[in-house]
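Notes follow once the structure below has been shown.
Since every read-out is calculated from the coordinates, none of them should be taken as a lab result. Because the structure is predicted, anything quoted here is derived from the model rather than measured. So basically every Cβ, Gly included, is an ideal-geometry build from the backbone, and we count neighbours across all protein chains shown.
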Amino acid sequence: MKFFVDTAMLSEIEWAMGIGCDGVTTNPSLIKKAVDALKANGENVDMMSYIRKICETAGRCRDVSLEVVSLESEKMIKEAVVLYNKFNILANNVVVKIPVSTASTSHYEGLKAMSALQRKQIPVNATLVFTPEQALMCGKLGAKYVSPFAGRIDDMLRSKSGIVFDKSEYFPEQGIRMDDNGIVSGIDLVRKTVAILKNYGMKTEVIAASLRNARQVREAALAGAHVATIPFNVLEEMTKHPKTAEGVMAFAKDVVPEYRAIFD
Ligand code: G3P
C-alpha cells in the first residue's frame, strides 16, 4: 500500500517524505490552511513558488494532487492544463484533482473534464467520490486515481443516526443502523470500490481519503485500497503503542556500558 500525506503544509510534507511517504494530496481547504498558517506567521504568500516547493519536496515518482477550482468542464480543463504545465515540469509528479460531479447546472462537468484530460494525457485524481458507481465511471474514463472519502461518509451516517461524535473517532466498517444507498461506512465504500474496479481489471488506483484515525488506515489496507492518503496527525498516531514506548524505555535502561562502547 502506498501512503500519501494529505496536507499542503510544507513542513509536514518534508517530514512525511522523510519517513517514506509516496506522495501528497492537497485540496483548496488544505491550501487555505497552509496559507492561513503562513499569514499568521507574518510571511508573504507567493503561491506559485509555494506549490513549486511542494512538488520539489515530494520529488520524482511521488505524485502530488493539485485540485482545480472551477465547476464547469471547460474551465476545469483549462485549469488542469495550467496546473500541469506550470508544475509538472519540476518533478514530473503532478496529478490533477477533478471533482467527480459538480453542483452546477450539469452533473457531468467533472466527467467531461476527465474525458478531455485523458485525451491530453494529463493524469487525474477523481475526487469527492461517495459511491462505487461514481468511481466506476471515472475508471472508465481512465482516471489514474479515484478518491472515496471514507471519513465524510462516516460523518454523514453518524449525523443521520443522531449520534454526537468527534470526527477523529473510530466508526466500524460494518456500520450502525443507517446506510447510504447500501453503503454502511466509509471503509465499506472503499472495499466495494476496490472490488468493482478489480472485477473489470481497471488500472485506476483507489486512494482511501478523508481518513481520520489509524484503525481506519488499517481497515483501508485490509479492504485492498492501493493508497491511503493520511493526515499528518494520523501518521503520527500510526507509529504509537504504549507497549512500544514501554519496551523502548526498558531496553534503554538495560544497555550495559560494554554494549554501548561498541558505538563509541
Ligand atoms: O483527501 C481528502 C481529505 O482532505 C478530506 O478530508 O477530513 O476534510 O474529510 P476531511
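For a quick protection proxy, order the peptides 233-245, 249-261 by their average other-Cβ count within 10 Å, most packed first.
Working: 233-245: 12.4, 249-261: 8.3.
Output ranking for 233-245, 249-261: 233-245, 249-261.
Taking θ as phi - 60° and the Karplus parameters 6.51, -1.76 and 1.60, the scalar couplings of region 172-182 work out to x, 4, 6, x, 8, 6, 7, 9, 10, 6, x Hz in sequence order, x denoting glycine and proline.
Scoring 210-216, 179-185 by mean Cβ neighbours within 10 Å over their residues and listing the highest first yields 210-216, 179-185.
Counting other C-beta atoms within 10 Å, and keeping those with at most 15, which DSSP coil trypsin sites (Lys or Arg not before Pro) do you find in region 49-118? Walk me through the numbers on the way to the answer.
Values: sites: ARG52, LYS53, ARG60, ARG62, LYS75, LYS78, LYS86, LYS97, LYS112; in loops: ARG60, ARG62.
When the trypsin sites (Lys or Arg not before Pro) of region 49-118 are filtered for loop state and at most 15 Cβ neighbours within 10 Å, ARG60 remain.
Each residue in PHE149, PHE171, PHE165 was given a count of other beta-carbon atoms within 10 angstrom of its own, and listing them fewest first yields PHE165, PHE149, PHE171. Extending 7 Å from Cα along the Cβ direction at SER49 and again at VAL69 yields two label points whose distance is 2.0 nm. Distant-in-sequence amide contacts of VAL94, defined by a placed amide H-H separation under 5 Å and a gap of 5 or more residues or a different chain, comprise VAL64. In the chain, the DSSP beta bridges split such that about 5 percent are antiparallel, to the nearest 5.
Extension gain for VAL248-ILE19 works out to 80.5 nm (0.36 nm per residue, less the C-alpha to C-alpha distance).
Converting phi to 3J(HN,Hα) with the Karplus coefficients 6.51, -1.76 and 1.60 and the offset θ = phi - 60°, region 130-145 yields 10, 9, x, 5, 4, 4, 4, 4, 6, x, 4, 8, x, 4, 5, 9 Hz in sequence order, with x at every glycine or proline. Comparing Cα centroids, region 138-165 and region 50-105 end up 21 angstrom apart. Treating r as the C-beta distance of LYS198 and ARG119 and R0 as 30 Å, the FRET efficiency rounds to 0.70. Helix 28-40 and the long axis of the chain differ in direction by around 50°, with both axes built from C-alpha atoms. What the phi angles of region 209-222 give under the Karplus curve with 6.51, -1.76 and 1.60, with θ = phi - 60°, is a coupling list of 10, 6, 8, 10, 7, 5, 5, 5, 5, 4, 5, 5, 5, 5 Hz, glycine and proline written as x.
Sorting the segments 195-201, 141-147 by their mean number of nearby beta carbons within 10 angstrom, highest to lowest, gives 141-147, 195-201. The Cα center of region 242-264 and the Cα center of region 10-35 differ in position by 34 Å.
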